[in-house]
């Protein structure tokens, strides 16, 4: 391996949280192409911002010469990972999981290459988990773990008071088994994941050591959170998705354009491929000039997910919104008969419910053609409904609204 050790790159950008056998892993990453895997449970038909960081890690590591295995949890999704949860996940059918897996593959192709010597491969743990003989599994894998040791794991602690089902208790063993299978079939030596996966990763390393008498490695990454410690990727309307039909590109762009000042630098380091020098220059000023860094962040991420053409369109729409250029700002159409401001807010997706729409109005955050709306029962004037109008939500969200014919 030539060039900079990927461990240094990930460390400098703030990715790495915990590592198993750090010195040996560092040496190995600098000397050869390492096959590693990251798991994704297909619990929806689109990836969301919570997956973003893992996708960026895969891309960084592949560019450094290492080979990614994308493990889709078609088998483990039938059970559900209890890590980071206080309730039990809903059961999923095989058909739903299969559909979600196909959607994931398409989205992931924007982040990693499936060609060349270290081209990424996609595997589904349903291929080996769904046909397991339970008795054989217990004898082969179950004997390598103690119940006391498993109950001490962080991923189970939050569930003990509410009740941890035996179904979920098996999840750690299955993820450990995944690592062992990938180690045997593909020479996979490293499992990566969010820091909430630490206990599951340790279980896999332990299983390989016990079964094969050899070392395997683990590396976890910081979770994508705000400076205040809350998970990023949530809005009033729900998760920020990578699928444009779930989160339109302009809304995706605006989410990143509106991140808090104190979160911009971290997002640029973790989610873009800009050099650290470029990032340092962008965030050098902590006054209104930080807005330039937010614009770059929003553009880079929108380009990565939706392509450069759509990213440029989003930039033009955002500029139009601020300059009053109604032709190029986001266009929304509402059905005839919708006349109240609160109903309009819900209809165009600017508020998730009528109650939330009324709260926005009460808070003074809504304007129609630059006039503040203060009455929660206010209606749009008939002439505005005929000609169209500009609705402003807060300081940064503008919509050109017309009524369908």
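The values are calculated or read from the model by the stated rules, or taken from the named source; none is laboratory data. Keep in mind that what you see is a predicted model, and the values were worked out from it rather than measured. Cβ sites come from the backbone with ideal geometry, for glycine too, and all protein chains shown count toward neighbours.
Residues in segment 202-216 that are outside any helix (DSSP H, G or I) and exposed (fewer than 14 other Cβ atoms within 10 Å of the Cβ) were compared, and the one that is nearest to the chain's Cα centre (by Cα) is 214. Could you list, in sequence order, the residues of segment 16-50 that are over 17 Å from residue 204 (Cβ atoms), crowded, with 21+ Cβ neighbours inside 10 Å and either in contact with a helix residue (DSSP H, G or I) (Cβ under 7 Å, 6 or more places away or on another chain) or free of Cβ contacts under 8 Å to residues at least 60 places away in the same chain (or both)? The answer is 29, 42, 47.
Across segment 217-228, what is the number of residues that are in contact (Cβ under 8 Å) with a residue 40 or more places away in the chain and assigned to a loop (DSSP other than H, G, I, E, B)? Break it down into steps so the answer makes sense when it comes.
To start, the set of residues in segment 217-228 that are in contact (Cβ under 8 Å) with a residue 40 or more places away in the chain comprises 217-224.
Of the ones still in play, those that are also assigned to a loop (DSSP other than H, G, I, E, B) are 222-224.
The qualifying residues number 3.
If you check residue 255 against the conditions, is it in contact with a helix residue (DSSP H, G or I) (Cβ under 6 Å, 6 or more places away or on another chain), surrounded by 19 or more Cβ atoms within 10 Å (Cβ to Cβ) and over 25 Å from residue 146 (Cβ atoms)? So residue 255 fails the test. Residue 195 meets all of the listed conditions (1) over 21 Å from residue 127 (Cβ atoms); (2) buried (at least 20 other Cβ atoms within 10 Å of the Cβ) but one, namely (2). Within segment 219-239, is even one residue at negative phi, over 14 Å from the mean Cα position of the chain (by Cα) and buried (at least 19 other Cβ atoms within 10 Å of the Cβ)? Scanning segment 219-239, I find at least one residue that is at negative phi, over 14 Å from the mean Cα position of the chain (by Cα) and buried (at least 19 other Cβ atoms within 10 Å of the Cβ), so the answer is yes. Does residue 317 fit the bill of being surrounded by 16 or more Cβ atoms within 10 Å (Cβ to Cβ), touching a residue at least 60 places away in the same chain (Cβ under 8 Å), touching a helix residue (DSSP H, G or I) at 6+ places or on another chain (Cβ under 6 Å) and part of a helix (DSSP H, G or I)? Criteria met by residue 317.
Here residue 219 meets the list (1) out of contact with any helix residue (DSSP H, G or I) (no Cβ under 6 Å at 6 or more places or on another chain); (2) at pLDDT 95 or above; (3) farther than 24 Å from residue 73 by Cα almost entirely, failing just condition (3).
Could you tell me whether any residue of segment 135-146 is in a helix (DSSP H, G or I), modelled with pLDDT of 85 or more and within 27 Å of residue 263 (Cα to Cα)? No, that holds for no residue. Within segment 98-119, residues that are assigned by TED's automatic domain parsing to the domain that holds residue 130 and under 20 Å from residue 247 (Cβ atoms) sit with their Cβ atoms under 6 Å from residues that are in a helix (DSSP H, G or I) and modelled with pLDDT of 90 or more, at 6+ positions apart or across chains, in these pairs: 111/55; 111/59.
Any idea which of (1) at pLDDT 90 or above; (2) part of a loop (DSSP other than H, G, I, E, B); (3) surrounded by fewer than 14 Cβ atoms within 10 Å (Cβ to Cβ) is the one residue 405 doesn't satisfy? Just one mismatch for residue 405, condition (1).
Here is a check on your reading of the model: is residue 355 assigned to a helix (DSSP H, G or I) and either modelled with pLDDT under 90 or not assigned by TED's automatic domain parsing to the domain that holds residue 61 (or both)? In short, yes.
Screening residue 132 on (1) assigned to a loop (DSSP other than H, G, I, E, B); (2) buried (at least 21 other Cβ atoms within 10 Å of the Cβ) shows it passes everything except condition (2).
Being in a loop (DSSP other than H, G, I, E, B), within 30 Å of the chain's Cα centre (by Cα), in contact (Cβ under 8 Å) with a residue 40 or more places away in the chain and outside the structural domain of residue 251 (by TED's automatic domain parsing), is that true of even one residue in segment 336-349?
If we filter segment 336-349 for residues that are in a loop (DSSP other than H, G, I, E, B), which is where we start, we get 336-339, 348-349.
Then keep just the ones that are within 30 Å of the chain's Cα centre (by Cα); that gives 348-349.
This time we only want the ones that are in contact (Cβ under 8 Å) with a residue 40 or more places away in the chain, so: 348-349.
Checking the rest, the ones that are also outside the structural domain of residue 251 (by TED's automatic domain parsing) come to 348-349.
Yes, there is a match, as at least one residue in segment 336-349 is in a loop (DSSP other than H, G, I, E, B), within 30 Å of the chain's Cα centre (by Cα), in contact (Cβ under 8 Å) with a residue 40 or more places away in the chain and outside the structural domain of residue 251 (by TED's automatic domain parsing).
Return a yes/no flag: does segment 66-78 have any residue that is assigned to a helix (DSSP H, G or I), under 13 Å from the mean Cα position of the chain (by Cα) and either buried (at least 21 other Cβ atoms within 10 Å of the Cβ) or on the phi < 0 side of the Ramachandran plot (or both). It would help to see each step written out before you state the result.
Applying the first criterion (assigned to a helix (DSSP H, G or I)) to segment 66-78 yields 76-78.
The next check asks that each one be under 13 Å from the mean Cα position of the chain (by Cα); those that pass are none.
No - not one qualifying residue is present in segment 66-78.
When the residues of segment 372-402 are filtered to those that are modelled with pLDDT under 85 and not in a loop (DSSP other than H, G, I, E, B), the one that is farthest from the chain's Cα centre (by Cα) is 383.
Here 243, 277 are screened, and the one residue that is surrounded by 13 or more Cβ atoms within 10 Å (Cβ to Cβ), modelled with pLDDT of 90 or more and not assigned by TED's automatic domain parsing to the domain that holds residue 26 is 243.
Answer with yes or no whether residue 46 is outside the structural domain of residue 247 (by TED's automatic domain parsing) and in contact with a strand residue (DSSP E or B) (Cβ under 9 Å, 6 or more places away or on another chain).
Numbers: outside the structural domain of residue 247 (by TED's automatic domain parsing): yes; in contact with a strand residue (DSSP E or B) (Cβ under 9 Å, 6 or more places away or on another chain): yes.
Yes: the conditions hold for residue 46.
So which residues in segment 262-271 are under 16 Å from residue 233 (Cα atoms), in contact with a helix residue (DSSP H, G or I) (Cβ under 8 Å, 6 or more places away or on another chain) and without any contact (Cβ under 8 Å) to a residue 60 or more places away in the chain? Of everything in segment 262-271, those that are under 16 Å from residue 233 (Cα atoms), in contact with a helix residue (DSSP H, G or I) (Cβ under 8 Å, 6 or more places away or on another chain) and without any contact (Cβ under 8 Å) to a residue 60 or more places away in the chain turn out to be 264, 267, 268. Within segment 4-15, the set of residues being crowded, with 17+ Cβ neighbours inside 10 Å and assigned to a loop (DSSP other than H, G, I, E, B) comprises 13, 15.
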